[in-house]
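Sharing a structure, written as structure tokens. Questions coming.
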Amino acid sequence: MAMQIKVGRHGGPEVLERAEAEVGAPGPGQVRLRHTAIGLNFIDTYFRSGLYPPPAGLPFVPGLEAAGVVEAVGEGVDGLEVGQRVAYGTGPLGAYSTERLIPAEKVVAIGDKIADETAAAMMLKGLTAQYLLRQTYVVKPGDTILFHAAAGGVGLIACQWAKHLGATVIGTAGSQKKADLARAHGCDHVILYRDEDVPARVKELTGGKGVPVVYDGVGKDTFVMSLDCLRPRGLLVSFGNASGAVEGVNLGILAAKGSLFVTRPTIAGYTSTRAELEAAARDVVDVVGSGAVKIEVNQRFPLAQAADAHRALEGRKTTGQTVLLP
């Protein structure tokens, strides 16, 4: 029997409840995985709260990211074998479990250089950083970029990667401790958003020009601020809702602030085919394996204490990566 964390009704962390289930044998195109580490991500809280409706409705097992070992292989699966170490970061939902069935096309093999906790912590956030920096806006040497929540899970990966790509990286953070962490992970400048005027400081750092791109996973609280940091015809990449969803936008504001562009991308939109997923995952594995991007797991919770992990994440008490351990 597998231990799972289930959501039977939408709400706060208290709706995460422990359960048991029989996993069974993999069907055609599936593999059965024994999880060794599970990634915690802000999107998990969106599914739990109901901001994002779970595809199959209630109840459901949350979690989109984990590392593990292949325990059994279904009919028609090529390229994976029993005992192989693998990871995934794009779901489907169901990672909060000791074992699970998953489509084989969703998992990728991890090399010997990548530890289990690292793999579980890097896939969803690493794939997110990959599509943000390498596809949505292609960061080039000499670019100056702004990344909100630079000390967060995606931020620490993305800022290191952007620096590796030759960019000047401006980050925002909510405390001096988080600012120091961001500086140690690629940020050239960190703005304390609670104490400083972020757009004014960005203009100061860019000689009055603004930046060509802002990466914003915070959402409602930073939307207008982010627009005000852009140069004319700049791009706001709004990829998350940590402070709530952006709603009721008057498109005229984009004209008034300089013929700006806004996109709301998702990881699913950039990894919709096996080829896209493999290419993005290979990019992540390569940059982490090279040491250019370091994945730091700063919090660990037993899987049974997933509710405590959600409270810490939503309370902004975490830095870097957090994993749940079966």
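With Cβ to Cβ distances under 14 Å as the rule, what net charge do the other residues near residue 219 carry (K, R +1; D, E -1)?
Every neighbour counted, the sum reads -1.
Just how far, in whole angstrom, is region 223-296 from region 82-122 if you go by their alpha carbon centroids?
About 24 Å separates the Cα centre of region 82-122 from the one of region 223-296.
Which of the trypsin sites (Lys or Arg not before Pro) found in region 2-48 are loop residues per DSSP with 16 or fewer other Cβ atoms within 10 Å of their Cβ? Let's see the in-between values first.
On the way: sites: 6, 9, 18, 32, 34, 48; in loops: 9.
Qualifying residues, ordered by number: 9.
Test of understanding: what is the full-extension gain from residue 314 to residue 282, defined as 0.36 nm times their sequence separation minus their Cα-Cα distance?
8.5 nm
Taking region 1-103, which GluC sites (Glu not before Pro) meet the DSSP loop condition and have no more than 14 other C-beta atoms within 10 Å?
Values: sites: 14, 17, 20, 22, 65, 71, 75, 81, 99; in loops: 22, 65, 75, 81.
Answer by residue number: 22, 75, 81.
Please compute the net charge surrounding residue 67, taking Lys and Arg as +1 and Asp and Glu as -1 over other residues with Cβ under 9 Å from its Cβ.
Spelling it out: positives minus negatives among the neighbours equals -2.
So which DSSP H runs in the chain come out at 15 Å plus along the axis (Cα) with average Kyte-Doolittle of at least -0.5?
Within the chain the helices that satisfy the rule are 116-131, 153-164, 274-289.
Would you work out which of 269, 225, 235 lies farthest towards the positive end of the dipole of the chain, given +1 charges on the beta-carbon of Lys and Arg and -1 on that of Asp and Glu, about the Cα centre?
225
Another one. Mind checking the full-extension length gain between residue 253 and residue 194? Use 0.36 nm per residue of separation minus the Cα-Cα distance, one decimal, nm.
18.8 nm
According to a simple spin-label model (label point 7 Å from Cα along Cα-to-Cβ), what is the distance in nm between residue 51 and residue 34?
Placing both labels 7 Å along Cα→Cβ, they lie 3.6 nm apart.
Enumerate the amide H contacts of residue 99 below 5 Å, restricted to partners 5 or more residues apart or on another chain; note that Pro and chain-start residues carry no placed amide H.
3, 35
Moving on to the next point. Which whole-angstrom value gives the distance between the alpha carbon centres of region 131-147 and region 153-193?
When both Cα centres are located, 14 Å separates them.
Quick one: length gained pulling residue 17 to residue 233 fully straight, 0.36 nm per residue minus the C-alpha distance? Walk me through the intermediate numbers first.
Details: separation 216, 0.36 × 216 = 77.76 nm, distance 4.72 nm.
Contour length minus Cα-Cα distance gives 73.0 nm.
Once you place label points 7 Å from the Cα toward the Cβ at residue 300 and residue 10, how far apart are they in nm?
For residue 300 paired with residue 10, the spin-label model returns 3.5 nm.
Oh, and also: Testing the spin-label approximation: label points 7 Å from Cα along Cα→Cβ at residue 82 and residue 58. State their distance in nm.
Taking the two extended label points, one gets 4.0 nm.
Rule-based calculations on the coordinates, nothing more; no lab input. Everything quoted here is computed from the prediction, not taken from an experiment. Please note: Cβ atoms are built from the backbone with ideal geometry, for glycine as well, and neighbour counts cover all protein chains shown.
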